Structures are given as C-alpha cells and as structure tokens.
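The values are calculated or read from the model by the stated rules, or taken from the named source; none is laboratory data. Small disclaimer: the values here were computed from a predicted structure and weren't measured. FYI the Cβ positions are ideal-geometry reconstructions off the backbone, even for glycines, and counts take in every protein chain you see. Quick note on the areas: whole protein, heavy atoms, side chains included, nothing else; ligands and nucleic acids left out. Shrake-Rupley method; radii C 1.70, N 1.55, O 1.52, S 1.80 Å.
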Amino acid sequence: MKQLLFSIHDVSPRHFDRLREIDAFLQKTDLGNNYAMLVVPNFWGEWPLEKHPEFGQWLREKADAGVEMILHGFYHKDTSQHEGRMAQFKATKMTAGEGEFLGLSHEDALGRIRDGRKLLEDILSRPVSGFIAPAWLYGEGAHAALKDEGFTFAEDHMNVWAPNDGHMLVERSPVISYASRSWSRTASSLLWSRLATVVLSQMKIVRQALHPHDFDKDVLTREIDRALRSLLSTRTAIRYQDLLAKST
Ligand SMILES: [Zn+2]
C-alpha cells in the first residue's frame with residue numbers, strides 16, 4: 001500500500017490553542033496520531049519550551065499516544081547575514097526571514113541543534129533523532145552538524161535523507177504544503193494541493209505538511225481536509241522512523 005507522511009510545523013506554545021484545534025481535527029480523520037510534530041525549542045526567542053510546562057505536558061501526552069516528535073530549528077528565525085545574492089534571495093523572499101539554518105556556520109548550527117535536542121529530549125523523556133530545518137532550508141553548516149550529531153532523518157521540499165549515513169530515504173517527492181501569508185500565495189498553494197493529490201498519485205510516499213496559520217483561512221482548512229481524506233483513501237499513514245526500518 002502507498003504511504004503518507006503527515007506533519008505539523010512550528011509546534012510551539014506560541015500556537016498552543018491552534019495546535020489543539022488542528023489535533024482535534026486530525027483525530028476525526030483516519031490519521032489519528034499517525035503524524036509528526038515539528039517542535040521549535042524557542043520560537044522567535046520568545047517562547048522557550050521550558051517556560052511552558054503545560055505545553056510540555058501536552059507534547060509528552062501526544063508522544064505517548066504515538067505522535068512522532070521532530071526537532072524544527074531552534075528559534076525559527078533567521079539571525080545570520082547572508083552572503084551572495086541567491087542566498088539572500090532565498091532567505092528573504094522564500095521564507096519571510098525564517099530560514100534559520102540556511103546561513104549558520106557549522107559551529108553555530110551544531111550548538112543550536114545540540115541545545116534544542118537536549119531541551120526537547122528532557123521534556124519528552126525520550127530520544128529525538130529527526131531534524132527538519134525551518135522553511136526546509138539547510139546551509140553547509142547545518143548539513144555537517146546533522147551528520148556530527150548522528151541524526152537519522154531530515155527533509156527538504158523534495159527529499160528525505162539520513163544525515164548519519166548519507167542514505168536517500170524519499171527522492172523527488174515534493175511536499176504538499178500551504179501558504180497563508182498573502183492571497184496570491186494562498187491561491188497557488190490551493191491549486192498545488194488540488195493538483196498534487198492527482199499528480200502525485202503514483203508516488204509510493206507522499207508528504208503533506210501543515211502550519212498553524214493555515215487554519216486562519218477557511219478555504220485552506222477545507223482543502224487540507226479534502227486532500228487529507230483523498231490521500232488516506234489510498235494510503236496508510238506512516239512515521240519517518242518507518243522509512244529507516246525499510247532502508248536497512
Ligand atoms: Zn517552520
């Protein structure tokens with residue numbers, strides 16, 4: 001049977017109410033707890049996980065129920081100076097300044113990844129071995145740091161790979177994701193989502209990713225619901241961890 005990897009980005013106490021709402025919505029589908037949460041240790045430097053114990057408790061409960069927990073940057077904010085026009089373009093135009101790991105040095109990336117992992121593992125009382133960079137953007141420093149730390153999976157827009165041994169786990173499978181920042185982006189993401197459930201129907205593994213702000217717009221919520229149900233009619237939901245079992 002074909003498979004679905006479903007994830008929620010930007011999991012932070014900043015979005016606690018909305019995340020509970022999205023989780024309640026998912027529980028009403030066949031997905032249940034078969035999805036991944038991408039957790040930000042200190043969203044924008046203003047929402048440190050350790051200061052929100054009730055949120056940490058909720059994460060622990062979701063992890064116990066089977067939700068996969070993945071490290072998603074540290075601040076989710078791009079604080080570095082980008083050199084070169086393309087890097088600058090990517091950093092500012094593609095991500096609204098949220099490509100945190102695009103311009104970090106090896107040392108800085110390693111520091112943030114270690115700190116974030118430790119924090120999240122302490123809160124969950126379980127190991128964390130997956131990392132997904134904010135806005136799916138990685139610089140060389142980030143790639144090297146993930147290898148050093150032995151992460152077993154990471155992903156960008158097109159691929160999922162194993163940083164620890166260099167294996168490719170999912171290749172050339174574009175993520176179905178949504179944009180809520182402007183109406184033109186919303187319109188193109190709606191179009192992509194509608195097309196994707198058809199165009200990607202032959203792919204063995206399809207990924208669908210949500211952000212908390214997607215639920216600000218009814219038109220997006222309806223399409224997310226439609227696409228998810230359509231995908232689940234022909235696919236089973238798996239976890240990123242399940243890709244590793246297969247690749248060995
Ligand atoms: Zn994010």
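TRP44 versus ASP156, label points 7 Å from Cα toward the beta carbon: distance in nm?
Result: 2.7 nm between the two label points.
Relative to the compact-globule scaling 2.2 N^0.38 Å, provide the ratio for the alpha-carbon radius of gyration of the chain.
0.95
Using just the Cα positions, wrap the stretch 106-248 in a convex hull and report its mean projected area in square nanometres, one decimal place.
So the mean shadow area of the Cα hull is 9.7 nm².
What whole-number value in Å² describes the accessible area per residue of the stretch 1-63 for a 1.4 Å probe?
It amounts to 41 Å² per residue over the stretch 1-63.
Quick one: if the Förster radius is 30 Å, what FRET efficiency do GLU61 and GLU140 give, using the C-beta to C-beta distance and rounding to 0.05?
0.20
Once the whole set of protein chains is in place, how much accessible area is left on GLU50, using a 1.4 Å probe, in Å² to the nearest 10?
Counting only protein heavy atoms, the figure is 110 Å².
Would you work out the charge dipole size for the stretch 111-218 about its Cα centre, treating the Cβ of every Lys and Arg as +1 and the Cβ of every Asp and Glu as -1, and quote it to the nearest 20 debye?
Here the size comes out at about 260 debye.
Any idea what the dipole of the stretch 2-247 comes to, in debye rounded to 20, about its Cα centre with Lys/Arg Cβ at +1 and Asp/Glu Cβ at -1?
The dipole magnitude comes to about 860 debye.
Got a number for carbon plus sulfur as a percent of the stretch 2-247's accessible area, 1.4 Å probe?
Ligands and nucleic acids excluded, carbon and sulfur reach 51 percent.
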